[in-house]
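Read through the structure below, which is laid out as structure tokens, and then see the notes.
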Amino acid sequence: MAGDIPAQKAGLRAMAKQRRAVAQAANPDAGTRIAANLLQAVSLPMTAIVSGYHAMGDEADPLPSLLALAAGGYSLCLPVTPKRGLPLSFRLWRPGDALEPGVWGIPAPPATAPEVEPDVLLVPLLAFDWEGYRLGYGGGYYDRTLAALRARGRDKTAVLAIGIAYAGQEVESVPREETDQRLDWIVTEQGAIRTDGRTDG
């Protein structure tokens, strides 16, 4: 029942955290392999601004992907976590730029960095399914952000959401609510999954 979905998500998070920790320990080079799969499978316009994130704990590390994209001439940004109930904002970032502690100690570009709107988002997650749904941490930040970006008078396909994960984070089905935003791709150390059902890599 729909009313049980938050409880289902909460129950899945505990299991997903354990599985992610195991996956990280088993794949110390996952970030490099994810970067190779991302660059091989996903075609991005050179004008795209790509948002990454600063990996916390045992999250799959997007830094090798960001470094490769920067070397390829892409503009990058990082999210800034707002108060609860609001979407993320984004500030320009280049490898080597200084970061400062933000909400919950998550490093973010300083307030002096220009604010931008990304075209591509690399998204962390706890679990994913092949339909492109992700299990997050319960704050709803990425769902609100993607909904806002996709609603700003442009084609939904113009904003690309790419989940960055270990293959071991896959589950049969992520419990979903109407507010949950679908990912366009999930890229793991084993390959890239298009959520229209096609697999590349």
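Have a look at the DSSP beta bridges in region 48-114 and tell me what percent are antiparallel, nearest 5.
Numbers: 7 of 10 bridges.
The answer is about 70 percent antiparallel.
May I ask you to give the solvent-accessible area per residue for region 127-190, in square angstrom, as obtained with a 1.4 angstrom probe? Let's see the in-between values first.
Details: 2820 Å² over 64 residues.
For region 127-190, the per-residue accessible area is 44 Å².
Where both bridge residues fall in the chain, DSSP classifies roughly 55% of the beta bridges as antiparallel. Averaged over its residues, region 17-108 has an accessible area of 53 Å² per residue, based on protein heavy atoms and a 1.4 Å probe.
With contacts taken as Cα pairs under 8 Å and at least 6 residues apart, the chain reaches a relative contact order of 24 percent. Separation of region 1-76 and region 107-131, taken as the distance between their Cα centroids, equals 10 angstrom. Over the chain, what percent of the accessible surface lies on carbon and sulfur atoms, probe 1.4 Å? Here it works out to 54 percent.
Coupling constants for region 94-105 follow from the phi torsions by the Karplus curve (6.51 cos²θ - 1.76 cosθ + 1.60, θ = phi - 60°), and in residue order they are 10, x, x, 5, 5, 10, 10, x, x, 4, 6, x Hz; glycine and proline get x. Taking a ≥ b ≥ c as the square roots of the eigenvalues of the Cα gyration tensor, region 1-96 is oblate, since a/c reaches 1.5 or more and a/b is not larger than b/c.
Which of rounded, prolate or oblate describes the chain when judged by the alpha-carbon gyration tensor and an a/c cut-off of 1.5? Don't skip to the answer; put the middle values down first.
Working: a/c = 1.33, a/b = 1.18, b/c = 1.12.
Rounded shape, in that the Cα axes give a/c under 1.5.
For region 70-164, give the magnitude of the charge dipole about the Cα centre (Cβ charges: +1 Lys/Arg, -1 Asp/Glu; no others), in debye to the nearest 20. Charge dipole of region 70-164: 220 debye, to the nearest 20. With contributions of -39500 (n - 2.57) from each DSSP H run of at least four residues, the per-residue ellipticity at 222 nm computed over the chain stands at -8500 deg cm²/dmol.
The values are calculated or read from the model by the stated rules, or taken from the named source; none is laboratory data. Here the structure is a predicted model, which is why all the values come from computation and not from measurement. Note: ideal-geometry Cβ built from the backbone for every residue, glycine included; neighbour counts use all protein chains shown. When the accessible area is computed, the model is the full protein with side chains, heavy atoms only, and any ligands, DNA or RNA have been set aside. Shrake-Rupley method; radii C 1.70, N 1.55, O 1.52, S 1.80 Å.
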